[in-house]
Amino acid sequence: MRIPLIQRLRALFRRRRLDADLDDELAFHLDMRAGQIEQTGVPHADAARAARRQFGNVAGIREHMRDLWSFPSAEALWRDIRYGARVLARAPTFTIVAVLTIALGVGANTAVFSVADAVLLRPLPFTHADRLVRLYSIVGGSPIGPSVGDAHDFTTESHTLQSLVVYDVWRKNVSGNAPAERPEQLRVGLVPGEFFTALGVTPRMGRVFTPEEVRPGNDKVVVLTERYWRSHFGASPSVLGQAVRINDEPYTVIGVMPDVIPDWLDGAEFGPTLMWTPYVLAPEDFDAMHHGDRGNGTIGVLRPGMTAAMATAEMQRIAGELAERYPVNRGVSARVVPLADTRAGSLRPTLVLLLTSVAMILGLACANVAGLIMARHTARHHEIVIRASLGAGRWSLVRQLAAEYLMLALLGGAVGLVAAWLGGIAVVRLHPANLPQLAEVRIDARVLLYTLALSVGTGVMFGIIPALPATRGNLGTAIREGGRSGTGGKRRQTEQQALVVAQIACCVILVLWTSLLVKSLLRLEHQDSGFRAERLLTAHVTLPPVRYPDRPDPGPIERFNQQFAERLRAIPGVRDATVTTFFPPVNQYSRSFTLDGRAASRLDDMPRASFGVVDDQYRTTLGIPMIEGRDFAGSDIATNPPVILINQALARKYFADRDPIAQRLVLRQLSQGRPDTIATTAAIIGVIGNTKNHGLAVEPEPEIIGLARQMPDMNAGFKYIVVRTTSDPSLAIESVRDALRSIDPELPLSQVATIDAVMAEQTTDRRLSTTLLGLFTVGGVLLAIIGIYGVISYFVAQRTKEIGLRVTLGAKRADILWLVLGTGLRLAVTGIVIGLVGGFALERVLSRFLFLVTATDPTIVIGVPIVIAGIAILACYLPARRATNLDPVIALRES
Amino acid sequence: MQGTLDMLVLKALTRESLHGYAVAEWIRATSRDVLRVQEGALYPALHRLELAGMLTSEWAVSDKGRRAKYYSLTAAGRKHLATEAQSWHQLSGAIALVMRTA
């Protein structure tokens, strides 16, 4: 017979009445029975007792009946919670320290988890997200997007891929429909209609490209992102059919795509992709030479049941066949990667590092709280044993301790969550534009669940497991150990000391890592850049091919170069200016070349070097030292035979045994047409100093610099300017804009930045991870200090009697000080040794971040232990002082 | 057997409303002193039956002039008693049959 819930709930509100009724009812029964017994001649008092005896355990039955109309387990839980809350409230210092400690541990983990979830774990916002992949060609060990031809061959021969979409992203000058709107440089995706079908996204309005629109002539249509539609068309419902000007040509809007395609998909170097136009491919894009024209983006869809690993195996086989067929594919392999795995990008190693370090912080926090609880348990051992001997079941004792510590853990978790949320806001607000993945960081149900699980797990770790032995105690031991003189047992002390050693070890690892990262970052940011970086302003201009064709004759482009450079140099406050295709620390262009007289027998035998075309003021503007020979000059006119500069790296690699000056290089443009027809022979006139060309952390690669006016086939419509000013470079921005406007009012000046900002962007992810790790390390060191302080204080308190005795027997202050400090130091040294070993064992986590610093950097390996030992001594000093100041009489009386 | 006690309690209340003591006494007297209800079990049974909707209760003044809690059968209780009684008869009849065979 089940008692309906509604009855129990109703009973809950009539509690007092029901209690009183029950008492009355039982009293009535007992009186009646007693009266009956009395009638048999038994005296009144005896009759009442007999009635009671006959009835049984009145209190027990009353309890049992009360449980009938209530929720026994829930009420017991509520009782435990109330009791726990009272216990915690009675020890506010303990509670606050414990809650803050847990908050630090859980908060740090929640914060890092929310980032890890956003960039590593959370499913992609696409249908069939688990089947989406990217295909890369592997050239010289590094991944690059495949060529259109390769992708076509891969797709037609594949059994693992259902489809493979090839697309590209270009910087273009775009203006919306407003007549007065000036063009701005944006990123425009060049995609087939299948790009959207592969991702499973459908337009908010309108449609995507038809196969006809991907052919030349029909391609002047555009799909906008929702945000561009909102910002430039005021979310107008009649946008379809209106025009957008892209690189001076009108495109008709045919669709608006919701903002579900994330920015990390194509990197964020040049800002987000805000619209798409058809990717028009001509038959020659698939010919043998164009197989070498790599660098496209891809979205692949695996057939159901296939994995990326299976696809990789297949693609490697196909890549082998392609290498037989096309010379430009020799030595080129392939790899298929789940799309979700490409999301983290440069953040992946950062996250591995941070996840490892916050795990250590949580360990530190748990150890600290466990230490606090152990110290408290010694005091509470008595209480627990007495409660056990008064009949409290072991289960109910455990349940009560569990309630208490879980409450502590949840409280700490809640505080930590708030801290992580605030920290998350800070990170997202600071979030660098070149890490668009961070925009997706948020505290959602997944993160909340994680925090809850972590808090409960933490509570179990620090509280309940160490508490179990206490509930096993018996009255005998408790009485024998007697009140406050109880030493807590040798085992407990060993446990506590082990915790301190572990804390110091974690601390050493954290401080070691932070020091190495900071040193790397400093080295990276303060290395010799090879040029003078002060007061340099940079910007980019995209010249639309309609008005600035690069073929057959880039005359308009070259006229623009010269005019713009002249106007820039005429600006007051501008000392030097150059128009170039690149500037340090990155040069994204490269070119194959052969040394004159050593013609390569095969295309893939040709070395490649970074390559750029500049004007004759490039070297002087950037302040790169001339090592040998001469710089470009005004006399190197367009009609003269081409001349080039090389950097020291190229001179050392290819001209170690002879003078490079006057040597000839044959530069070959692989990606357009046949190599022989586009080969340019150029004479080396000078060697200049190395500047970084693959980022700050990579040694400069060989580089060739030509004059734009002498190399028309390489004079394309993407131009950077670099300007050195006499004062703050940002003051020159408006003048530079004016100069550009005076030449061509339709050209936007974009990517305007000082070179300092460009360099800083290079180290964004490092700075982010170093800052976060530094913060966590500070937290970790604080926790360790509290931990050591707590344990040593406890040690002194435990030994009060012994110390008193020693003092009485004539021990000097120094002896006592040494007794305490020695204990602390012994623990510290053990921890440091373990920490150093652990730090080296985990070096792999860090190696990617190290720059010109090794994990065994002597100043760090020696410095960190000294610092940690110093901190440990400091943490021990206060308790040690207290020990030396003990009055032996009081100390002895305490027992 | 809890079910048996419930059945006896319900049976005791078929004719009139009774308080707990009277229920115990009625069962004892009707069974000619054979069935002595454990008083400690009686009250939980009464309360359980009441909560389950088999009984209702009200406070009234007893013949001795004291306030007492009187229980009476509800329609659900009557129905429950009928089914319980039927299965009890089946069971006891079956046991008797088994015991009667030599």
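About its Cα centre, how strong a charge dipole does chain A have in debye, to the nearest 20, once Lys and Arg get +1 and Asp and Glu get -1 at the Cβ?
4420 debye
Over all directions, what mean area does the Cα convex hull of the range A:694-808 project, stated in square nanometres?
15.7 nm²
Helix-only estimate, please: 222 nm mean residue ellipticity of the protein assembly as shown, summing -39500 (n - 2.57) across DSSP H runs of length 4 or more and dividing by its residues, to the nearest 500.
-17000 deg cm²/dmol
Please give the peptides A:746-752, A:577-583 ranked by average Cβ packing (other Cβ atoms within 10 Å per residue), highest first, as a rough proxy for protection.
Averaged packing, sorted descending, gives the order A:577-583, A:746-752.
What is the Cα coordinate range of the range B:1-51 on the first, second and third principal axes, sorted by size from largest, in whole angstrom?
Over the range B:1-51, Cα extents along the principal axes are 30, 24, 16 Å.
Could you point to the residue in A:Leu322, A:Thr808, B:Leu8 farthest towards the positive end of the protein assembly as shown's charge dipole, with +1 and -1 charges on the Cβ of Lys/Arg and Asp/Glu respectively?
The listed residue farthest towards the positive side: B:Leu8.
Among A:Ser455, A:Ala313, A:Phe593, whose Cα lies farthest out toward the positive end of the dipole of the protein assembly as shown, if unit charges sit on the beta carbon of Lys, Arg (+1) and Asp, Glu (-1)?
Looking along the dipole axis, the top candidate is A:Ser455.
Can you pull the mean other chain C-beta count within 10 Å for peptide B:34-43?
Rounded to a whole number, the mean comes out at 4.
Any of B:Lys11/B:Lys79; A:Lys519/A:Lys692; B:Lys11/B:Lys64; A:Lys172/A:Lys692 with alpha carbons more than 18 Å apart? Name them for me.
Pairs exceeding 18 Å: A:Lys519/A:Lys692; B:Lys11/B:Lys64; A:Lys172/A:Lys692.
Quick check for me: using +1 on Lys/Arg Cβ and -1 on Asp/Glu Cβ, what's the dipole size of the range A:129-342 about its Cα centre, in debye to the nearest 20?
In debye, rounded to 20, the range A:129-342 gives about 420.
What residue among A:Ala683, A:His232, A:Leu22 has its Cα farthest toward the positive end of the dipole of chain A, where the charges are +1 on Lys, Arg and -1 on Asp, Glu, each on the Cβ?
It is A:Leu22.
So how tilted is helix A:555-570 from the main axis of chain A? Cα-based, degrees 0 to 90, rounded to 10.
70 degrees
Over the range B:2-100, calculate the relative contact order: mean separation of alpha carbon pairs under 8 Å at least 6 apart, over the residue count, as a percent.
Worked out over the range B:2-100, it gives 30 percent.
Could you tell me what percent of the DSSP beta bridges with both partners in the range A:129-342 are antiparallel, to the nearest 5?
75 percent
Where nothing but the Cβ of Lys and Arg (+1) and of Asp and Glu (-1) is charged, how large is the charge dipole of the range B:2-100 around its Cα centre, in debye to the nearest 20?
120 debye
Could you work out the pair-distance distribution P(r) of the range B:2-100 from its alpha-carbon pairs, with 10 angstrom bin width and percents rounded to whole numbers?
15, 45, 31, 8, 2, 0
Based on the Kirkwood radius over alpha-carbon pairs, what is the Stokes-Einstein translational diffusion coefficient of the range A:5-70 at 10 °C with 1.306 mPa s viscosity, in µm²/s?
121 µm²/s
Based on the alpha-carbon set only, what is the convex hull volume of chain A divided per residue, in Å³?
247 Å³
Per residue, how big is the convex hull around the C-alpha atoms of the range A:129-342? Give it to me in cubic angstrom, could you?
Measuring per residue, one finds 119 Å³ for the Cα hull of the range A:129-342.
We did not get these values from a lab; they are worked out from the coordinates using the rules stated. Being a predicted model, the structure only gives us computed values, none of them experimental. As a convention, Cβ positions derive from the backbone with ideal geometry for all residues, glycine included, and neighbour counts pool all protein chains shown.
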